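Reviewing the structure listed below.
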Amino acid sequence: MNSAMAAQRLKTMTISRQIAISGLVAAVYIAVMMLTQGFAFGQYQIRIATSLYALSAIYPFLIIPLAVSNLLSNLLMGGLGLPDIIGGGIVGLLTASLVYLVPRWQLNDWLIALPIIFCPGLLVPVWLSYLIPVPYEVLAVSLLIGQIIPGITGVILVKQLRNKLVG
């Protein structure tokens, strides 16, 4: 199915179906975070759940639910307080929005990995460096390394699911 057909089918999707998909994706995000929190909050923060941001390339209506999912995961599991909770939500919103732009601008799917890697990797250390006694540069390098796996996983997810999920 080409992107024009996928876009048309997406336009005809009911609001109730969008809400159901949003709830399902949010639940999966939180569940994956709970299952992987041993290394999702570690030195390299390999957050497999952030690979789900790639789904906003298929379903743009997931941008806000994905941001809220990040916010909730930081609330439930993060333990670093309000700056991390709100910051995570904002970074989630920005990441999912940039992922959405990749197919919108008809760019190569592999570019979906870039916002998943660089948004959390470069923005999260801004407040983490104030909350924990680690310099920004050290945090940024470790988060960037940790986001490589979710970035690649997100691209693979989109490539495998794009024609199977829309509509």
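The values are calculated or read from the model by the stated rules, or taken from the named source; none is laboratory data. What you are looking at is a predicted structure, and each value in this text was computed from that prediction instead of being measured. Backbone-built Cβ (ideal geometry, glycine too); neighbour counts: all protein chains shown. All accessible areas refer to the heavy atoms of the entire protein, side chains included, with ligands and DNA or RNA removed. Shrake-Rupley method; radii C 1.70, N 1.55, O 1.52, S 1.80 Å.
Residues to consider are LEU139, LEU82, LEU107, LEU98; find the one that is without any contact (Cβ under 8 Å) to a residue 24 or more places away in the chain and within 11 Å of the chain's Cα centre (by Cα). So that I can check it myself, show each step before the final result.
Numbers: LEU139 fails: within 11 Å of the chain's Cα centre (by Cα); LEU82 fails: within 11 Å of the chain's Cα centre (by Cα); LEU107 fails: within 11 Å of the chain's Cα centre (by Cα).
Of the residues listed, the single one that is without any contact (Cβ under 8 Å) to a residue 24 or more places away in the chain and within 11 Å of the chain's Cα centre (by Cα) is LEU98.
Going by the conditions given, is TYR53 in a loop (DSSP other than H, G, I, E, B) and either among the hydrophobic types (A, V, I, L, M, F, W, C) or within 22 Å of LEU144 (Cβ to Cβ) (or both)? Spell out how you get there, then give the answer.
Numbers: in a loop (DSSP other than H, G, I, E, B): no; either among the hydrophobic types (A, V, I, L, M, F, W, C) or within 22 Å of LEU144 (Cβ to Cβ) (or both): yes.
No: the conditions fail for TYR53.
On the basis of being modelled with pLDDT under 95, open to solvent by 30 Å² or more (accessible area, probe 1.4 Å) and touching a helix residue (DSSP H, G or I) at 6+ places or on another chain (Cβ under 8 Å), does GLY38 make the cut?
Taking the combined requirement at face value, the residue does not satisfy it.
Pick from LEU93, LEU114: which is in contact (Cβ under 8 Å) with a residue 12 or more places away in the chain and over 23 Å from LEU24 (Cβ atoms)? Full working, then the answer.
On the way: LEU93 fails: over 23 Å from LEU24 (Cβ atoms).
One residue alone meets the criteria, LEU114.
The conditions are (1) farther than 17 Å from CYS119 by Cβ; (2) modelled with pLDDT of 95 or more, and ALA4 fails exactly one of them. Which is it?
Condition (2) is where ALA4 drops out.
Across the stretch 60-75, what is the total count of residues that are over 19 Å from GLN147 (Cα atoms) and open to solvent by less than 10 Å² (accessible area, probe 1.4 Å)?
Number of matching residues: 1.
Name every residue in the stretch 41-59 that is more than 15 Å from LEU143 (Cβ to Cβ) and open to solvent by 20 Å² or more (accessible area, probe 1.4 Å), in order of residue number.
LEU52
Looking at this structure, is SER16 surrounded by fewer than 13 Cβ atoms within 10 Å (Cβ to Cβ), of a type in the set (Ser, Thr, Tyr) and modelled with pLDDT under 95? So that I can check it myself, show each step before the final result.
Values: surrounded by fewer than 13 Cβ atoms within 10 Å (Cβ to Cβ): yes; of a type in the set (Ser, Thr, Tyr): yes; modelled with pLDDT under 95: yes.
Yes: the conditions hold for SER16.
Any residue in the stretch 47-64 that is without any contact (Cβ under 8 Å) to a residue 12 or more places away in the chain and within 16 Å of GLY23 (Cα to Cα) sitting within a Cβ distance under 8 Å of a residue that is open to solvent by 10 Å² or more (accessible area, probe 1.4 Å) and not in a helix (DSSP H, G or I)? List the pairs, counting only those 6 or more apart or interchain.
Every condition considered, no pair remains.
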